[in-house]
Amino acid sequence: LSYYNEYKSYLRGMIHKKWRVVPCNEDDFKKQNDDLTKSCVYFCHRVPVVLQDGPTCGIAALTSVLIALDPRRDLLSTANHVLHRAVELGVSYKGEVLSVDYMSQICTSLSLSNSVVELGSMKQYEVVNLLQDSVLLLIYDKDKNNEPTVKYNGERAHWLLVTGFCYIPRKTNTNLIQRTRSQSQQSIGVNNFYKAQKSSDDGSLFVFAQHGRSKHRRLWSWEVVLESNRNIRKVKPGTWVIPDDVHLHTADKAVRIPILTRTL
């Protein structure tokens, strides 16, 4: 690409000591949400957080997945490889990735199984089914505290990695929840729970969310995340590779990556 050589030295400088990987602590959620875990069904893949450097939130999120799939990978060399591949493909200028389709192209070029999924028509139980064996990469508009917002119309667009779910039914069935949780350790049982909820689908669905600006995993309302995702209509001015219509390339879309890891 014409601009690749121009930025080659810049790219080399981006992968340095500021990149950090934060291991997933499986006890954090249980300790911080003791009361909640007694009345919900939850499931989460153990994916480390990679903290970004520069406009590389998507690169950092994808690097997290690659390290989760193979913990023997070196952080810096993996992040460097992903970053250079994005630039070589012409879908990034200096680390930004502003399209779900662009992210899927990067995954495919790395021989990483993936698919672009449409989120708009999905029921809660369908999201849960996806997250039992996969993670989701999607773009949202972040507030100053990194939480989802609709304030900026995409000028603070940020990549989010969804690694699991927490479902709170409207009517709590403690026995069913306990039985489901014990089964879900073998990645089964959640479907049985959802058969009872499928007809109404009126509980509260939250997702485990992590991104390159914080070492902490968050639990955010899936509805709020989707609302933020659908509000991406423009991007902050800069030297970026921008698709013709940012909204069409981000709204109600995510990259699904199959993954099997230890769970909470």
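Read-outs: derived from the displayed coordinates by stated rules, not from any lab. Note that the structure is predicted; figures quoted are calculated from it, not measured. Using ideal geometry, Cβ is built from the backbone for each residue, glycine included, and neighbour counts are taken over all protein chains shown.
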Check: Given 0.36 nm per residue, what is the gain on full extension from SER204 to LEU69 after removing their alpha carbon distance, in nm?
Finding: 45.6 nm
Next item on the list: Could you tell me which of ILE139, ALA79, SER99 has its Cα farthest along the dipole of region 69-143 towards the positive end, charges placed at Cβ (Lys, Arg +1; Asp, Glu -1), taken about the Cα centre?
Entry: ALA79
Check: So for region 205-264, what are the equivalent ellipsoid semi-axes in whole Å, largest first, each being the square root of 5 times an eigenvalue of the Cα gyration tensor?
Finding: 25, 14, 13
Margin query: Test of the criteria: in region 60-144, which trypsin sites (Lys or Arg not before Pro) are in a DSSP loop and have at most 10 other Cβ atoms within 10 angstrom of their Cβ?
Written below: ARG72, LYS144
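Pull out the extension gain between THR239 and LEU76, defined as 0.36 nm times the separation in residues minus the alpha carbon to alpha carbon distance; nm, one decimal.
Between THR239 and LEU76, full extension yields 56.2 nm more.
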